Amino acid sequence: MSFDSDLQDEVTRGARALVLCPDIRALRYDLDSAERLAEAEGLALAIGVVIAHSAILPVRQMQPNTLFGSGQVENIGVWCEQNEAELVIVDGALTPIQQRNLEDKLKRKVIDRTGLILEIFGERAATAEGRLQVELAHLDYQQSRLVRSWTHLERQRGGFGFLGGPGETQIEADRRMIRARMARLRRELDQVRKTRTLHRDRRGRAPWPVVALVGYTNAGKSTLFNRLTGAEVMAEDLLFATLDPTMRAISLPGVEKAILSDTVGFISDLPTQLVAAFRATLEEVTAADVICHVRDMANPSHAAQKKQVLDVLADLGVVDAETGTTTIPILEVWNKADLLDAESLAELREAAEGQGAVILSAATGQGVNLLEAELTRMLTGTAREVSFILPATDGRRIAWLHAHGDVLAEDEIEDSDEGPMRRLTVRLNPKELGQFAALS
């Protein structure tokens, strides 16, 4: 991040960390405490820290100054000493005051779930848009936490005029700088979004259908993307291995060309700063012809993860939250079949038949041919036969039909008052039919 380094004390890769999962009685969670702790550990590993110790801490009543009770804070301090931990990660939201007080008591850097995810996003963003979005989200997060900074924020600058007056404190100046930087970033992002919209509109005029991969983080989307396209997008057993959207052309049986889009993975309790910042990235999903919801069926929390993904799709307007109906066809892809035992796999196959899901292993390639066949069926299932009579001299539209449709028959009409004509019977889907009509 390019902003004042005093305001961002970055996590050091290789640092020994204590991972804590507060289980707050007053809150309801989609995942149980053990699963949330495992996810928090995955996030910590994704940023390159060493997990020295992890624990679930029941919180009967949240303390406004430290979140945890005084006895629990003492225990955390002991764990830090015993495990030589230099970083404490709290899988929850900490207020600026709670974060500062915990750092004062533990004498170690403390970050919450939002700060941890921002660290990951800051490291992984590869495109100009991704970096702008991450910096904007980080500044939004930091502006409320200047209270954590050092004593230089208490200095005052002299005012104007004869007596001067108290002037502007350093913390006010830093906040003003952050607001100005955020305003500039928003302007730059608006321009990026306009460019992205233009590219999406241009693709919309092309004849090729778009298939978008969505799913919980680490569900195997990028591995499947590489398997289908032959690309080498980063695909590792890490949370948020892929951040920026990637698009590649693929060939499907009976479909000349399709565009496959890999998107950022979803996660529970995504920081509010990033929900807004990465909305433009997920807008690619709303322009797809088919959405493939990739699920990690070897994960015991796959049902809860599905709910998180559907909640995000509902926020994007793809799924109706009340009725469950969709504006874009969604195909469930049940991934990681290679990690299941024979009994679990048999049960999964029985369930898939009733739900129209495809079972596969992106890592081994098993079942990928079934996915390709199902995508072909979904993309061509709405196609219908249409006959056109065109002047024989209209080479542009005749060539377009040959290039983008399935020409079933073509013959000449000789006895025509308008000169030589050609009759073409073509199979087109609604999208292609609309594109042909725009050529007229």
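Sites listed here are GluC sites (Glu not before Pro) in the range 303-360 whose DSSP assignment is loop and whose Cβ has at most 11 other Cβ atoms within 10 Å: E322. List the GluC sites (Glu not before Pro) in the range 67-99 that DSSP assigns to loop (not H, G, I, E or B) and whose Cβ has at most 11 other Cβ atoms within 10 Å. Which are they? Answer in residue order: E84.
Of all aspartates and glutamates in the structure, the ones whose alpha carbon falls short of 20 Å from that of K194, not counting any fewer than 8 places away in one chain, are E129, E135, D244, E283, E284.
Taking the Cα centre of the range 328-379 as origin, work out the dipole magnitude from +1 charges on Lys and Arg Cβ and -1 charges on Asp and Glu Cβ, in debye rounded to 20. The partial results should precede the final answer.
Values: 3 positive and 9 negative charges, 46 e Å.
Magnitude of the dipole: close to 220 debye.
When a 1.4 Å probe is rolled over the protein heavy atoms, the share of accessible surface on the range 321-440 that falls to carbon and sulfur comes to 49 percent.
One decimal place: the segment E385-L45 gains 117.0 nm when fully extended, by the rule 0.36 nm per residue minus the C-alpha distance. Rolling a 1.4 Å probe over the protein heavy atoms leaves K194 with an accessible area of roughly 130 Å².
With a Förster radius of 45 Å, plug the Cβ-Cβ distance of Q63 and L370 into 1/(1 + (r/R0)^6) and report the FRET value to the nearest 0.05.
On the way: r = 53 Å, r/R0 = 1.18.
With a Förster radius of 45 Å, E is 0.25.
Once you list every other residue whose beta carbon is under 10 Å from the beta carbon of E39, what net charge do they have if Lys and Arg are +1 and Asp and Glu are -1?
Numbers: positive: R36, R113; negative: E35, E41, D91, D269.
Result for the local shell: -2.
Note on D190: accessible area is roughly 80 Å² with a 1.4 Å probe, heavy atoms of protein only. Note on D311 and R423: with the Förster distance fixed at 56 Å, the Cβ-Cβ geometry gives a FRET efficiency of about 0.65. Taking 0.36 nm per residue of sequence separation and removing the Cα-Cα distance, the A303/D341 pair yields an extension gain of 11.8 nm. The Rg/Rh ratio of the range 317-398, with Rg taken over Cα atoms and Rh as the Kirkwood radius over Cα pairs, comes to 1.21. Can you list the lysines whose alpha carbon sits under 18 Å from that of K307, skipping same-chain ones fewer than 8 residues off? Straight-line reach from K307, under 18 Å: K221. Here's the list of aspartates and glutamates a cross-link from K336 could span, going by alpha-carbon distance under 20 Å and ignoring same-chain residues fewer than 8 apart: E35, E39, E232, E236, D237, D262, D296, E347, E350, E353, E372, E374. Could you give the distance between the Cα centres of the range 289-359 and the range 245-265, to the whole Å? Result: 19 Å between the Cα centres. In this simple spin-label approximation, V78 and R396 carry label points 7 Å from Cα along the Cα→Cβ vector, and these lie 8.1 nm apart.
The values are calculated or read from the model by the stated rules, or taken from the named source; none is laboratory data. These numbers were taken from a predicted model, which means no experiment stands behind them. Using ideal geometry, Cβ is built from the backbone for each residue, glycine included, and neighbour counts are taken over all protein chains shown. Side chains are part of the model used for accessible areas, which takes the heavy atoms of the whole protein and leaves out ligands, DNA and RNA. Shrake-Rupley method; radii C 1.70, N 1.55, O 1.52, S 1.80 Å.
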